[in-house]
Each structure stands twice: as C-alpha cells, then as structure tokens.
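Asks: Below is a structure I'd like to ask you about.
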Amino acid sequence: MGARLRVFLTQEQDKTLLKLRTAAVPQKVKDRAEVIRLNAHGWYVEKIAAHFNWTPQTVREVLHKWSNLGMEGLWELPGRGAKQTWKEEDIEFLKECLKNESRTYNSLQLVQKLEKERSVKLSADRLRRILKKRFIWKRARKSHKKKQDPIVQETKQSDLDMLQLEADAGGIDLKYLDESGFCMWSEPGYTYYPIGEQKRLEQTKRRGRRLSIIGLLQPDISFVYGLVIGGVDRKAYIKMMEREAQEAAEIGRPRVIVQDNGPIHRCKEVQELWPHWEKQGLYIFFLPKYCSEMNPIELEWQHIKKDELAGQMFDDELELAYAVIHGVEVRGQRGNYTTQRLKFNSN
C-alpha cells in the first residue's frame, strides 16, 4: 500500500480556506476548501469521501489540484460546464418588454418571446433562475395613469387639500362618495391546508345577481351606505344626496361631497337638483377623470373584498348581503367610526 496522500497548510492558508465557508463563492469551491482543511488536519481520503458522499478519486483530484495550483485549483477552469446561450442584452430586452408592454408575462411566455424575437433558446426553469436574481414575481395592478391629465390632477389635489384643511378646522363636513359591487363567487386565494392536499371551494349552482353598494365616507367619523340588487341607479343616488342636503340644512354647516364623474352623478335629473342642494348647504366636488386613487373610499371597498369576503362562496344574494353588512361593521369597529345602512328599493 502506498503512502497516504496528505497536504500541509500554513496558518495563513488555513485561515484563508476557513473564510471561504462564509464567502460569496460557489458551493463547490467551499466544499473543496473544506476537503483541503480536513486532509491537513489528519483526515484520510476515504473518511473525507464518506463525509461528502464523494468517491475517493474525486477527493484525490481535489488534493492534487491544490498541490499543483494552490487557490486557483479550487475554482473550475475556464470552459468547463455548459456554454451560456444568452447575453446580458437579452435580459435587458425582457426588462423593457415587462416595463413597457401593456400585458403580463409568465416564464413560459418569456421563453417563447426570447426564442421568437431574439433566437435565444432557454427552458422555463432556467429562465426563472436567471430572473430570480433581478426580478420579483408580483401581482400586477390595473391603472389609468396614462389617461390622467397631470395638470388638472395637481389643481384638483390642491383644491381638495384646502377643503380638508377647512374640514379639520370644523368649517365644513367633507365626505367621499362612490359605488362598488360584489358577487356570490369569490376568487380562490391562498389558505393553510394539510400537506399533500388542496382546498376546494364548491361553487353554487348559480352565480346570482350583482349586489351593489353606494357609500359616503367621512374619514375617522362615519360611513353611511346602502345596498341594492343590481346596479345603483340615479334614484338611490338622489335619495342619499337628499338626505345629506337635509342634514346640512339642519346643522347649518356646509357639506361637500367628493365624487367621480359617473353617469348617475351628472345625469340631467341630478343637475337640475344642484341649485336646490346648494341652497341647503350641500356642494359637490368632482374628481378629475381616471383619478380614483384620490378617493379614500376606494380603499374601503378593497379591504371589504380582500379582508372580509375573500375566499368565500355564498348560497344566495341575501347571505352575501349579510356578509357585506358584517364586513362594513367590522371595518367601522377597527377604524373607530360609526356605520349606518340606508334602505333602498331593489331593482
């Protein structure tokens, strides 16, 4: 039997190899550095091979490379492994597509786009590993930002800020109005469930009619709303506004309603009521087009749908209505503001 293969390290070499364990280097380099250290500390080739689940020949090759090349022997030689089939320009091309195109992409669609437009062939799994270092898989959002008029938006925002200051001083009541809707089927979301099984939400026999809501939010103070089956029409809107006008007249303090430019907010019948409402102290502030983010009531709809109703299926419209009512009450308790439901005749 020949002599045992053994390497010897200086104290400085041992420290350098030890530091590689926490350095930003490939795992293979860390393993090879550990093989050198273990051998220098007296481990035989066979014991090291069993420790790493390698063959003894692989361990000997690592030790020989160290003896011949030193630190350079820990890294792969140039040209080893599969050749890279993509260039940095290809990833920049994908970046521009993701940022500028009005659509979303998954990894398979990006692979097809690369092959079609750049003649670059990659597997979806390989592309995901590349993208993971510089991109994030994240839900997209709907947006009307390109349709917004920045000058009009800035002017309206300044006016709205002045109204808010007046409201904070107690000179006016400032409320935000909007409509939204709910249906009996919710989109399935994420949930905890036993490993190896999948939760299934059984859909009802019919999708049911839309349940619409119209609400008036006075932030941190009150939320007044009404529910109707179908869409909110001008009669329900007028009833709510008449109530607000009457309250403004009784209190003797101007009341401003912030709302969007929806058809029922500007129909002929409503416009004829504007002078009457203004005499009672009720005024309307129209938001600029495509600027729903300026209305805080939009967040209320979002929280009710995502936090209170998400992941549920309802047997009928009545059960859905009770769930919405409960969700509104829960939001009011959390936000420490009052809630009040008005009753309308359903369509």
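The values are calculated or read from the model by the stated rules, or taken from the named source; none is laboratory data. From a predicted model like this one, the values you see are computed outputs, not experimental measurements. Positions of Cβ are backbone-derived with ideal geometry, glycine not excepted, and every protein chain shown enters the neighbour counts. When the accessible area is computed, the model is the full protein with side chains, heavy atoms only, and any ligands, DNA or RNA have been set aside. Shrake-Rupley method; radii C 1.70, N 1.55, O 1.52, S 1.80 Å.
Asks: What number comes out for accessible area per residue over the chain if the probe is 1.4 Å? Units Å², please. Could the numbers behind the result be given before it?
Replies: Working: 23180 Å² over 347 residues.
Per residue, the chain has 67 Å² of solvent-accessible surface.
Asks: Pop out the ³J(HN,Hα) list for the range 24-33 in order, Karplus 6.51 cos²θ - 1.76 cosθ + 1.60 with θ = phi - 60°, rounded to Hz; leave Gly and Pro as x.
Replies: Per-residue couplings from phi come out as 7, 10, x, 4, 4, 5, 4, 5, 5, 4 Hz.
Asks: What residues qualify as long-range amide H neighbours of Ile284, i.e. H under 5 Å apart, gap of 5 or more or another chain, H built at 1.01 Å from N?
Replies: Ile257
Asks: How would you order 192-200, 233-241 from highest to lowest mean count of nearby Cβ atoms within 10 Å? Write down the numbers at each step before the final one.
Replies: Working: 192-200: 7.3, 233-241: 18.2.
Sorting 192-200, 233-241 by mean packing, highest first, produces 233-241, 192-200.
Asks: Separate question: Can you give me the relative contact order of the chain as a percent, contacts being Cα pairs under 8 Å and 6 or more apart?
Replies: Numbers: 389 pairs, mean separation 54.0, N = 347.
Relative contact order for the chain comes out at 16 percent.
Asks: Please report, in debye to the nearest 20, how large the charge dipole of the range 193-347 is about its Cα centre when each Lys and Arg carries +1 at its beta carbon and each Asp and Glu carries -1 there. Write down the numbers at each step before the final one.
Replies: Values: 23 positive and 22 negative charges, 74 e Å.
Charge dipole of the range 193-347: 360 debye, to the nearest 20.
Asks: Grab the Cα-Cα distance for Glu117 and Leu165, subtract it from 0.36 nm times how many residues apart they are, and report the gain in nm with one decimal. Walk me through the intermediate numbers first.
Replies: Numbers: separation 48, 0.36 × 48 = 17.28 nm, distance 5.45 nm.
Once the chain is fully extended between Glu117 and Leu165, it gains 11.8 nm.
Asks: Going by average Cβ neighbours within 10 Å, how do the peptides 285-293, 163-171 rank, with the highest at the top?
Replies: 285-293, 163-171
Asks: In what order, largest first, do Trp54, Trp137 sit by accessible area if the probe radius is 1.4 Å?
Replies: Descending accessible area places them as Trp137, Trp54.
Asks: Let me check against my output: what whole-number percent is the relative contact order of the range 250-313, with C-alpha pairs under 8 Å and at least 6 apart?
Replies: Numbers: 40 pairs, mean separation 25.2, N = 64.
39 percent.
Asks: May I ask you to rank Ser67, Ser180 by accessible area, largest first, using a 1.4 Å probe over the protein chains only?
Replies: Working: Ser67 75, Ser180 15 Å².
Most to least solvent-accessible, the answer reads Ser67, Ser180.
Asks: Okay, moving on. Straight-line reach from Lys175: which lysines fall under 19 Å, measuring Cα to Cα and dropping same-chain residues less than 8 apart?
Replies: Those lysines meeting the cut-off are Lys156, Lys239, Lys279, Lys289.
Asks: Mind checking which lysines have their Cα closer than 17 Å to the Cα of Lys116? Skip sequence neighbours fewer than 8 apart in that chain.
Replies: Once the sequence-local lysines are set aside, what remains near Lys116 is Lys87, Lys95.
Asks: Could you compute the FRET efficiency for Gln157 and Ala124, with r as their C-beta to C-beta distance and R0 at 45 Å, rounded to 0.05? Intermediate values should be presented prior to the final figure.
Replies: Working: r = 44 Å, r/R0 = 0.97.
That pair, Gln157 with Ala124, gives E of 0.55.
Asks: In nm, to one decimal, how far is the modelled label at Leu108 from the one at Gln340, with both set 7 Å along Cα→Cβ?
Replies: 5.4 nm
Asks: Using a Gaussian network model of the chain with C-alpha springs under 10 Å, which one of Arg255, Arg21, Arg331 is most mobile by mean-square fluctuation?
Replies: Arg21
Asks: Suppose a student asked you for the relative contact order of the range 69-212, using Cα pairs under 8 Å spaced at least 6 residues apart; what percent would you report?
Replies: Relative contact order, the range 69-212: 14 percent.
Asks: Quick check on the chain: helices-only [θ] at 222 nm, where DSSP H runs of length 4 and up contribute -39,500 (n - 2.57) each and the sum goes over total residues. Nearest 500, please. Spell out each step's value before the answer.
Replies: Working: 14 runs with 156 residues, N = 347.
When only DSSP H runs of four or more count, the value is -13500 deg cm²/dmol.
Asks: Please give the FRET efficiency for Thr191 paired with Lys133, using the beta carbon to beta carbon distance and R0 = 22 Å, rounded to the nearest 0.05. Spell out each step's value before the answer.
Replies: Working: r = 30 Å, r/R0 = 1.37.
So the FRET efficiency works out to roughly 0.15.
Asks: Something else about it: Taking the simple approach of a point 7 Å from Cα along Cα-to-Cβ for both Leu69 and Thr55, what is their distance in nm?
Replies: Taking the simple label geometry, Leu69 and Thr55 are separated by 1.9 nm.
Asks: Separate question: Given the Cα-Cα distance of Arg234 and Glu308 and 0.36 nm per residue of separation, how much length would full extension add, in nm? Walk me through the numbers on the way to the answer.
Replies: Numbers: separation 74, 0.36 × 74 = 26.64 nm, distance 2.80 nm.
Fully extending the segment from Arg234 to Glu308 adds 23.8 nm.
Asks: Just report the Cα centroid separation between the range 32-80 and the range 298-347, whole Å.
Replies: Computed from Cα coordinates, the inter-centre distance equals 66 Å.
Asks: Sorted by mean Cβ packing within 10 Å, highest first, what order do the peptides 37-46, 214-223, 89-98 take?
Replies: Going from most to least packed, we get 214-223, 37-46, 89-98.
Asks: Can I ask one more? Under 13 Å from the 7 Å Cα→Cβ point of Glu293, by amide nitrogen: which residues of the range 120-145?
Replies: 141-145
Asks: For the chain, give the percent of accessible area contributed by carbon and sulfur heavy atoms, probe 1.4 Å, rounded to a whole number.
Replies: Details: 11610 of 23180 Å².
So the carbon and sulfur contribution to the accessible surface is 50 percent.
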